[in-house]
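Written out below as structure tokens is the structure these notes cover.
The values are calculated or read from the model by the stated rules, or taken from the named source; none is laboratory data. In this text the structure is predicted, and so the values were computed from the model without any measurement. Note that we place each Cβ from the backbone using ideal geometry, even for glycine, and neighbour counts take in every protein chain shown.
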Amino acid sequence: MHMAVTPAWRKSSYCANQTCVEVADRAHDGIAVRDAKELDGSVLSFERETWAAFVGGIKAGRFDRQ
């Protein structure tokens, strides 16, 4: 029997007021992301490598507005 494990959600370190995302590690499914205001809403899933590239891009300023 395989039991579902509830992910341990954590808020983004850049969270300001209620405009936050939450992220959770999933043992076999990679990374999950959701809107902190919509806890029962949609969840996006990413492979670990894809998520790491995205976070790396953020840290490098690739998505900053000019």
_Condition (residue is at negative phi and assigned to a strand (DSSP E or B)) applied to the range 50-61: is it met by at least one residue?_
no
*If you go through the range 11-27 one residue at a time, do you hit one that is at pLDDT below 90, surrounded by 14 or more Cβ atoms within 10 Å (Cβ to Cβ), assigned to a strand (DSSP E or B) and not aliphatic (A, V, I, L, M)?*
yes
*Residue in the range 28-41 that is farthest from residue 6 (Cα to Cα), counting only those that are surrounded by 12 or more Cβ atoms within 10 Å (Cβ to Cβ) and aliphatic (A, V, I, L, M)*: 36
*Any pair with Cβ under 8 angstrom, 6 or more apart, that starts in the range 28-48 at a residue that is under 20 Å from residue 15 (Cα atoms) and in contact (Cβ under 8 Å) with a residue 24 or more places away in the chain and ends at one that is of a type in the set (Val, Ile, Thr) and surrounded by 11 or more Cβ atoms within 10 Å (Cβ to Cβ)*: 32/23; 32/43; 34/21; 34/43; 36/21
*Inside the range 42-66, can you point out the residues that are loosely packed, with under 11 Cβ neighbours inside 10 Å and under 21 Å from residue 28 (Cα atoms)?*
42, 49
*asked:* Quick check on residue 41: is it over 23 Å from residue 64 (Cβ atoms) and touching a helix residue (DSSP H, G or I) at 6+ places or on another chain (Cβ under 7 Å)?
replied: no
*Kindly indicate whether residue 6 is assigned to a loop (DSSP other than H, G, I, E, B) and free of Cβ contacts under 8 Å to residues at least 24 places away in the same chain.*
yes
